[in-house]
1. With the crude spin-label approximation of a point 7 Å out along Cα→Cβ, what separation in nm comes out for Ser67 versus Lys2?
2. Note the full-extension length gain between Ser94 and Lys107 as 0.36 nm times their separation in residues minus their Cα-Cα distance, in nm to one decimal.
3. At 1.4 Å probe size, with the rest of the protein present, what percent of the exposed accessible area of the range 91-154 is carbon and sulfur atoms?
4. Taking only protein heavy atoms and a 1.4 Å probe, what accessible area per residue, in Å², does the range 60-121 have with all protein chains in place?
5. Rank-order 139-146, 89-96 by packing density, defined as the average count of other C-beta atoms within 10 Å over each peptide's residues, highest first.
6. How far apart, in nm, are the 7 Å Cα→Cβ label points at Lys24 and Ala143?
Amino acid sequence: MKFRCRIGREGLNNLLGVTNTLSKLSDNGTGIIILSPDSMRFSVISAEESTGNARSYAELSHACLLSEVRIESQSGNVIAFQLSLVLLAKALSSGKQAPWSILKLTKRGDLSCLTFESSSADLLTCDISHDLAVKILHVSELASVQPPPLSPPRVALHLPSGKVFKSLLD
């Protein structure tokens, strides 16, 4: 399986905001990321999941975050892994000043890692690289981390009778 993408400064800030928010919602700071050819999905399962409490879930399109995305796997080009969202947020925040950064899956010995690399066009700054340990999940394990079922929104408007609306002009 292979994953590599390039992320610009604006996409990095968006991804950092989502990661920070979801890491605060997680009981232990971990989450599951599911990469598909068209989106990146985050799922945070709470410790009370067995009681039926809701979990946090976010889905982001590659078009608004990433460029030059390459995802290859034997399971329909879907890659899922579990990692520490707190550590991911720290790694992402270290590259906020770089014009672009790279996220990729690597193997360090027997350990699977999500590698974040950031470099600047300025020659006076150094390149930054973070290796975050991940636990690769099998496709059969993804049934428990699917988005929660949502009912269609119901919108109702109740207006008091006899009231006349006046137009407002600025």
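1. The modelled label-to-label distance comes out at 2.1 nm.
2. Taking 0.36 nm per residue and subtracting the Cα distance, the gain is 2.5 nm.
3. 58 percent
4. Working: 3010 Å² over 62 residues.
In whole numbers, the range 60-121 has 49 Å² accessible per residue.
5. Numbers: 139-146: 12.6, 89-96: 18.8.
Put in order of decreasing packing, that is 89-96, 139-146.
6. In this crude label model, Lys24 to Ala143 measures out at 3.5 nm.
The values are calculated or read from the model by the stated rules, or taken from the named source; none is laboratory data. Remember, predicted model here, so these are calculated numbers, not experimental data. FYI the Cβ positions are ideal-geometry reconstructions off the backbone, even for glycines, and counts take in every protein chain you see. Accessible surface is based on the protein model in full, side chains and every heavy atom, while ligands, DNA and RNA are left aside. Shrake-Rupley method; radii C 1.70, N 1.55, O 1.52, S 1.80 Å.
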